[in-house]
1. Just add up the charged neighbours of V160: K/R +1, D/E -1, any other residue whose Cβ is under 11 Å from the Cβ of V160.
2. Using R₀ = 35 Å, calculate the FRET efficiency as 1/(1 + (r/R₀)^6) where r is the Cβ-Cβ separation of E97 and R72; round to 0.05.
3. Whole-Hz Karplus ³J(HN,Hα) for the range 135-145, in order, using 6.51 cos²θ - 1.76 cosθ + 1.60 and θ = phi - 60°, x for Gly and Pro?
4. Around H94, with a cut-off of 10 angstrom between Cβ atoms, what is the net charge of the other residues, counting Lys and Arg +1 and Asp and Glu -1?
5. If amide H atoms are built 1.01 Å from N in the plane of the peptide, which residues on other chains or at least 5 residues away come under 5 Å of the amide H of K90?
6. In whole Hz, with x marking every Gly and Pro, tabulate ³J(HN,Hα) for the range 166-178 from phi via Karplus 6.51 cos²θ - 1.76 cosθ + 1.60, θ = phi - 60°.
7. Under a Cβ-Cβ cut-off of 11 Å, what is the net charge of the residues other than Y172 that fall near it, where Lys and Arg count +1 and Asp and Glu count -1?
8. With just the Cα atoms defining each centre, how far is the range 39-54 from the range 69-95? Give it in Å.
Amino acid sequence: MPDLVENTEITPEDFDFAKWMSGAYKPTRGSTIHQRGDLLAELDRLREQIEIAAETQHEEESLEDVSTDLLRGKYAKIAQQFHDSGLFVKVSGHTNEEKLSIAKSLDDLINEKYKKDDESEEANEYRHQQSKELTYHLLADALVEPKLDASQLKQLHSVVGESEFSKIVSDYQLASNSLNEPDADFLPKHSTHLETEE
């Protein structure tokens with residue numbers, strides 16, 4: 001009886017590596033960061049008022065009391081404004097070699113401005129600021145969308161705050177970790193005849 005199962009195994013000779021690579025992308029992660037962090041306090045205030053209003057019995061409410069439905073309507077409106085202020089940020093990872101290359105470019109900028117042996121207060125402050133800038137340069141290079149430069153990222157960080165900005169940093173670290181080899185200490189240990197020999 002003939003074999004009805006078609007052999008679909010791809011041999012090395014049949015595999016078009018260039019074509020496969022043309023569709024390959026680096027690991028990419030994304031998060032929504034919000035522009036209107038100022039609305040969170042108002043949402044907290046309304047949430048408290050809604051809880052108090054819900055606990056108040058209907059017969060005890062005075063004409064001046066704001067109804068629970070009205071408070072919920074206000075809450076929904078502000079929550080929508082907060083939601084609409086969101087920006088979805090996609091970032092890809094870097095290999096360790098790419099990180100080193102970007103860091104070296106930044107070092108070159110420092111060395112153009114100050115000699116390596118310049119230990120003046122001004123030179124040291126500039127180096128300190130530039131080392132902090134490395135994060136913004138790495139992220140600017142890794143951003144898929146929207147495309148922002150290092151100075152725009154620095155401005156974004158100062159406005160949206162640490163909590164929102166850390167989402168971008170965390171996504172970048174996750175994407176980068178999946179590109180780089182794990183630490184040897186975390187790799188499974190395999191027994192070999194060399195390890196078991198006395």
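1. Numbers: positive: R36, K167; negative: D38, E162, E164.
With Lys, Arg at +1 and Asp, Glu at -1, the neighbours total -1.
2. On the way: r = 54 Å, r/R0 = 1.53.
Plugging the Cβ-Cβ distance into 1/(1 + (r/R0)^6) gives 0.05.
3. Taking θ as phi minus 60°, the curve returns 4, 5, 5, 4, 5, 4, 6, 8, 4, 8, 7 Hz for the range 135-145.
4. On the way: positive: K26, K99; negative: E97, E98, D141.
Charge balance near H94 sits at -1.
5. V144, E145
6. 5, 5, 5, 4, 4, 4, 4, 5, 4, 5, 5, 4, 6
7. Numbers: positive: R29, K90, K99, K167; negative: D141, D171.
So the environment of Y172 carries a net charge of +2.
8. Here the two parts' Cα centres lie 17 Å apart.
The values are calculated or read from the model by the stated rules, or taken from the named source; none is laboratory data. Just so we're clear, the structure is a prediction, and the values are computed from it rather than from any experiment. Cβ coordinates were reconstructed from backbone atoms using ideal geometry, including for glycine residues, and neighbour counts include every protein chain displayed. Accessible surface areas use protein heavy atoms only, side chains included; no ligands, DNA or RNA. Shrake-Rupley method; radii C 1.70, N 1.55, O 1.52, S 1.80 Å.
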